[in-house]
1. Taking the alpha carbon gyration tensor of the range 27-131, what are the square roots of 5 times its eigenvalues, largest first, to the nearest whole Å?
2. Could you pull out the GluC sites (Glu not before Pro) across the range 29-98 that fall in loop regions by DSSP (anything but H, G, I, E, B) with no more than 16 other Cβ atoms inside 10 Å?
Amino acid sequence: MTENRNSRTHGGVGPNGSYVARNIRVLRTKRGKTTEALANELTDRGVPLQASAITRIEKGQRRVTVDELVAFAVLLDATPNALLLPVEVDRELPIAVTGHGELAAADAWDWLDGDSPLPSRGPSEDGDSEDFEDTVRPWWKRAPVRLPRGLRGFEKGVDQKRRMADRARAHQESTDLRHEDQGGEDT
């Protein structure tokens, strides 16, 4: 199915592109940066962009690439998420998510932050979200697994042994360096 270009807003960007345009403009202004200064910073960071391109982005007349989005977030002291959806919005206000449609702002933010899948739009979607967290976060960012009561001490013991091993390794490295500084030979 092809996308109807007339259904897009602001000359070629969709709803989330419009949010990005507004959020970049708001954050740039809040940070006291001109389009020229921001363009120079982007270029210095390896994302060459002219001030006129930033103006077109802010007017919704030019799309933002993924790399540009990340660079804007870095230079505007924000996160990519903070550019993709409206920030100053009531949690129940319906907002558009490209490819999904309208939903409550809280549901859109929960999805964007990886806290929950998008709500189902109808019976054709299975709504199975058992592996949602496994697919949207690296293993070390997932909710911790609670060990059964009898094994909780084991978990603390493993952490304690790991810390002790790290200290011993650091001590050994320090001793080795002192030995080398004193002109000793490695055996």
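Values in this text are rule-based calculations from the coordinates and carry no lab data. What you see is a predicted model, and the numbers here were worked out from it, not measured in a lab. Cβ coordinates were reconstructed from backbone atoms using ideal geometry, including for glycine residues, and neighbour counts include every protein chain displayed.
1. Over the Cα atoms of the range 27-131, the ellipsoid semi-axes are 32, 14, 13 Å.
2. Answer in residue order: 88, 92.
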